[in-house]
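Chemist: Starting off with a structure, shown below.
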Amino acid sequence: MELIGEFFGTAVLILLGDGVVAGVLLEKSKAKDAGWITITTAWALAVCFGVLVAKTLGSPGAHLNPAVTLSVCIQSGDFSIFLPYSLAQIAGAALGATLVYLYYLPHWKETKDSGIILAVFSTSPAIKHTTSNIISEGLGTFILIFGIHAIFSPQNGGAPGVMGTAFVGLLVWAIGLSLGGTTGYAINPARDLGPRIAHWLLPIPNKGKSNWTYAWLPVVIPLAGGGIAALVIRWGIG
C-alpha cells in the first residue's frame, strides 16, 4: 500500500505542478504569462494535495521524493525502502507528466519554442554554471529536508496531520520564491527525472531534445543535499 500511495501521490504532485507551468508557458492558455508567483504557489499546493493523496492511499510518510526517502533511511539506518519508494515516485511522476501532456493536448502545436515545452516537464538553469547550479539544488534540498524535520520536531509541537502537510507546502513555497530562480528548484529527483522521461517518450509536437546532459544534476545533487541534511539531523542535532 505504501508504494501505491507514493505512486499516486507523486502523480498528483506532478499533474498539478507541471500543470501550472504548462498553463503559464504554453501558447493560447488562459493562464499564459501569469508569472513566477503563480507557479510557486501552485507547486506548494501541489505538494499539499500530493501528500494528502499519498497518505489516503496507504503511505503514511508520503515522501513523494527520493531525497526525502533517502533522508529517512539515513536517519533510521534502514535503507530497504529506498529503491522501491524511489521507483514508485519516478513512475508516478512520469504518469503525472503524461496526464499534463494529454490535458494540454492542442496547446503543444501552438507552442513553437522547444525550450518552453521542455520547461513544462523538467528543470534547467537560468544561467548554466555547474558549480552554482550544484549549490542551488544542493542547498535548496538541504533546506527542504531540514525544514521538514523542524516542522515535525517535538520542540515545535510536532505539527500533526493536515497542519503539518500545510506547513510543508509553505516550506516548498518559500524555497520556490527565495531559491527557485536559479535552477527552477527541482529539489526532488523524481520530479525532474520522471517528467523528463515522459518528454523523451511522448509524441509532443515541436519538442526538441530532453537535455540529458543536464539531467544528472537535478537527480544526483538533491540526493546529496538531502543526505547531508539527514546526517546533520542524525549526528549533529539528534
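The values are calculated or read from the model by the stated rules, or taken from the named source; none is laboratory data. Computed from a predicted structure; not experimentally measured. Neighbour counts run over all protein chains shown; Cβ positions are idealised from the backbone, glycine included. Accessible surface is based on the protein model in full, side chains and every heavy atom, while ligands, DNA and RNA are left aside. Shrake-Rupley method; radii C 1.70, N 1.55, O 1.52, S 1.80 Å.
Chemist: Restricting attention to the stretch 91-128, which residues are outside any helix (DSSP H, G or I) and buried (at least 17 other Cβ atoms within 10 Å of the Cβ)?
Modeler: Going through the stretch 91-128, the residues outside any helix (DSSP H, G or I) turn out to be 104-106, 111-113, 122-128.
Result: Tyr104, Thr111, Ser122, Thr123, Ser124, Pro125.
Chemist: Let me ask something additional. Would a scan of the stretch 60-70 turn up a residue that is surrounded by fewer than 20 Cβ atoms within 10 Å (Cβ to Cβ) and either within 15 Å of the chain's Cα centre (by Cα) or under 19 Å from His149 (Cβ atoms) (or both)?
Modeler: First, pick out the residues of the stretch 60-70 that are surrounded by fewer than 20 Cβ atoms within 10 Å (Cβ to Cβ): 60-61.
Pick out the ones that are also either within 15 Å of the chain's Cα centre (by Cα) or under 19 Å from His149 (Cβ atoms) (or both) and you get 60-61.
Yes, the stretch 60-70 has at least one match.
Chemist: Do we have any residue at all in the stretch 159-166 that's β-branched (Val, Ile, Thr) and over 18 Å from the mean Cα position of the chain (by Cα)? Quick ask: steps written out before the conclusion?
Modeler: Initially, the stretch 159-166 is screened for residues β-branched (Val, Ile, Thr), giving 162, 165.
Those left that are additionally over 18 Å from the mean Cα position of the chain (by Cα): 162.
Yes, the conditions are met somewhere in the stretch 159-166.
Chemist: While we're looking at this one, here's another question. Hey, does the stretch 132-153 have a residue that's closer than 30 Å to Lys32 by Cα, at pLDDT 95 or above, out of contact with any helix residue (DSSP H, G or I) (no Cβ under 7 Å at 6 or more places or on another chain) and part of a loop (DSSP other than H, G, I, E, B)?
Modeler: No; the residues of the stretch 132-153 include none that is closer than 30 Å to Lys32 by Cα, at pLDDT 95 or above, out of contact with any helix residue (DSSP H, G or I) (no Cβ under 7 Å at 6 or more places or on another chain) and part of a loop (DSSP other than H, G, I, E, B).
Chemist: Here's a follow-up. Take Val168 and decide whether it is free of Cβ contacts under 8 Å to residues at least 60 places away in the same chain, outside any loop (DSSP other than H, G, I, E, B), under 22 Å from Tyr85 (Cβ atoms) and open to solvent by 10 Å² or more (accessible area, probe 1.4 Å). Don't jump to the end; show me each part of the working.
Modeler: On the way: free of Cβ contacts under 8 Å to residues at least 60 places away in the same chain: no; outside any loop (DSSP other than H, G, I, E, B): yes; under 22 Å from Tyr85 (Cβ atoms): yes; open to solvent by 10 Å² or more (accessible area, probe 1.4 Å): yes.
Criteria not met by Val168.
Chemist: Look at the stretch 87-106 and say how many of its residues are in contact with a Ser or Thr (Cβ under 6 Å, 6 or more places away or on another chain) and farther than 18 Å from Ala224 by Cβ. It would help to see each step written out before you state the result.
Modeler: Restricting attention to the stretch 87-106, the residues satisfying the condition of being in contact with a Ser or Thr (Cβ under 6 Å, 6 or more places away or on another chain) are 89, 92-93.
After this cut, where a residue has to be farther than 18 Å from Ala224 by Cβ as well, the list is 92-93.
Of the residues in that region, 2 qualify.
Chemist: How many of the residues in the stretch 192-216 are open to solvent by 20 Å² or more (accessible area, probe 1.4 Å), of a type outside the set (S, T, N, Q) and in a helix (DSSP H, G or I)? Spell out how you get there, then give the answer.
Modeler: Looking only at the stretch 192-216, we keep the residues that are open to solvent by 20 Å² or more (accessible area, probe 1.4 Å), and these are 193, 197, 200-203, 205-209, 211-213, 216.
Then keep just the ones that are of a type outside the set (S, T, N, Q); that gives 193, 197, 200-203, 205, 207-209, 212, 216.
Cutting the leftovers down to in a helix (DSSP H, G or I) gives us 193, 197, 200-201, 212.
Adding up the residues that qualify gives 5.
Chemist: Another one. If the requirement is being surrounded by fewer than 21 Cβ atoms within 10 Å (Cβ to Cβ), among the charged types (D, E, K, R), modelled with pLDDT of 95 or more and under 25 Å from Ser86 (Cβ atoms), which of these qualifies: Lys32, Lys55?
Modeler: Numbers: Lys32 fails: under 25 Å from Ser86 (Cβ atoms).
Of Lys32, Lys55, the one residue that is surrounded by fewer than 21 Cβ atoms within 10 Å (Cβ to Cβ), among the charged types (D, E, K, R), modelled with pLDDT of 95 or more and under 25 Å from Ser86 (Cβ atoms) is Lys55.
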